[in-house]
1. Answer with yes or no whether Ile104 is assigned to a strand (DSSP E or B) and crowded, with 18+ Cβ neighbours inside 10 Å.
2. Just checking, which of Ala246, Ala188 is of a type in the set (Gly, Ala, Ser), surrounded by fewer than 22 Cβ atoms within 10 Å (Cβ to Cβ), in contact (Cβ under 8 Å) with a residue 12 or more places away in the chain and part of a strand (DSSP E or B)?
3. Could you tell me whether Glu151 is under 15 Å from Asp117 (Cα atoms), open to solvent by 60 Å² or more (accessible area, probe 1.4 Å), in contact with a helix residue (DSSP H, G or I) (Cβ under 9 Å, 6 or more places away or on another chain) and without any contact (Cβ under 8 Å) to a residue 40 or more places away in the chain?
4. Residue check, Leu217 against (1) open to solvent by less than 10 Å² (accessible area, probe 1.4 Å); (2) farther than 29 Å from Ile115 by Cα, all met but one. Which one?
5. Which of (1) of a type outside the set (D, E, K, R); (2) open to solvent by 10 Å² or more (accessible area, probe 1.4 Å); (3) in contact with a Lys or Arg (Cβ under 8 Å, 6 or more places away or on another chain) is the odd one out, the single condition Thr122 does not satisfy?
6. Just give me the residues in region 269-292 being open to solvent by 50 Å² or more (accessible area, probe 1.4 Å), in a loop (DSSP other than H, G, I, E, B) and not polar (S, T, N, Q), in sequence order.
7. Kindly indicate whether any position in region 222-232 is assigned to a helix (DSSP H, G or I), open to solvent by less than 60 Å² (accessible area, probe 1.4 Å) and over 26 Å from Ser116 (Cβ atoms).
8. Please work out which residue is most open to solvent (accessible area, probe 1.4 Å), limiting yourself to region 170-185 and to residues that are in contact with a helix residue (DSSP H, G or I) (Cβ under 7 Å, 6 or more places away or on another chain) and either of a type in the set (D, E, K, R) or outside any strand (DSSP E or B) (or both).
Amino acid sequence: MEMPSLRMSARDESSLRDDETFAMNKAKLMSEPNPDRLFFELPPRGIAPKEFVNTHFGPQSGAKNLQFRKGTTTLAFIYEPKTEADKGGIIIAVDSRASAGEYISSKSVMKILDISDNMVATMAGGAADCQFWTRIVAKYCSLYELREKSEITVSAASKYFANVLYGYRGMGLSVGSMVAGYDKRGPAIFKVDSEGTRVSLRLCSVGSGSLSAYGVLDAFYQPQMTDEEARALGRRAIMHATYRDAGSGGVCNLVHITPTEKIRLPSVDVSELLYEFANEIGRDIAYEPQED
């Protein structure tokens, strides 16, 4: 008697492999994420995240009010003390609005994130991308200092940040950050983005309102300033950017990093800054039609 063949056809084998792959991916997605791994879990069955997001939240999608159209204004600059009473250092100023297309999702986002005791990073681009990767960099810096028994330099931290982002370029990340701080070499500011670009600057602005901020900075920035002049310049640049850029707004958050400390100053509403500026130049910013 002839025994039936137990061999599977190519189609059955392919179907079995697909089922096993689906089961493995489902198990991964249903399990708790491992925070130690520095890579993203991809969706099952070869769905590309970038194409998925563009399809459902891109310009041609039906989600007109939930598109990934970001708006922000961040700036940083280095200045020297003008008098002996001044400390000098680095001024980092940002707005606090988070937007998704026409929808303002938050008015109180802190866009200056701590990296270490003497270093910060700013957020511009996708909030989730910036917050996630900034925490990875902060973790790396903490481990470095524990291992080497010395503080990491701003240059090394920004280089690690750029290298990590370079490994994910073309995958849809949206990060435009400035890493600023003091180390044994002095003050430093590095601009880092999701393409892996890294540039050292003394004056920098990132975001949709950066052109307006650059206009104020280019006109009034001086290499030597008093602490009050530097802080007022940072707030003034953010105020003008929020007034001209629809993607920026909320309050102005400002951090002053000196050779010995990191000072977080109170938030100031940009509307108050605008009225202060109007009173200073003697111009009424509100239109009041005159009665005949």
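1. Details: assigned to a strand (DSSP E or B): yes; crowded, with 18+ Cβ neighbours inside 10 Å: no.
Judged against the criteria, Ile104 is not a match.
2. Numbers: Ala246 fails: part of a strand (DSSP E or B).
Testing whether each residue is of a type in the set (Gly, Ala, Ser), surrounded by fewer than 22 Cβ atoms within 10 Å (Cβ to Cβ), in contact (Cβ under 8 Å) with a residue 12 or more places away in the chain and part of a strand (DSSP E or B) leaves just Ala188.
3. Details: under 15 Å from Asp117 (Cα atoms): yes; open to solvent by 60 Å² or more (accessible area, probe 1.4 Å): yes; in contact with a helix residue (DSSP H, G or I) (Cβ under 9 Å, 6 or more places away or on another chain): yes; without any contact (Cβ under 8 Å) to a residue 40 or more places away in the chain: yes.
Yes.
4. (2)
5. Thr122 satisfies every listed condition except (2).
6. First pass over region 269-292, keeping only residues open to solvent by 50 Å² or more (accessible area, probe 1.4 Å): 269, 271-272, 275-276, 279-285, 287-292.
Going one step further and asking which of them are in a loop (DSSP other than H, G, I, E, B), we end up with 282-285, 287-292.
Listed by number, the residues that qualify are Gly282, Arg283, Asp284, Ile285, Tyr287, Glu288, Pro289, Glu291, Asp292.
7. So in region 222-232, the residues assigned to a helix (DSSP H, G or I) come out as 227-232.
Among the residues that remain, those that are also open to solvent by less than 60 Å² (accessible area, probe 1.4 Å) are: 227, 230-232.
Then drop every residue that is not over 26 Å from Ser116 (Cβ atoms), which leaves 232.
Yes, because at least one residue in region 222-232 is assigned to a helix (DSSP H, G or I), open to solvent by less than 60 Å² (accessible area, probe 1.4 Å) and over 26 Å from Ser116 (Cβ atoms).
8. Out of the qualifying residues, it is Met171.
The values are calculated or read from the model by the stated rules, or taken from the named source; none is laboratory data. Quick caveat: nothing in here was measured; it's all calculated off a predicted structure. As a convention, Cβ positions derive from the backbone with ideal geometry for all residues, glycine included, and neighbour counts pool all protein chains shown. Note: accessible area is taken over every heavy atom of the protein model, side chains too, but ligands, DNA and RNA are not part of it. Shrake-Rupley method; radii C 1.70, N 1.55, O 1.52, S 1.80 Å.
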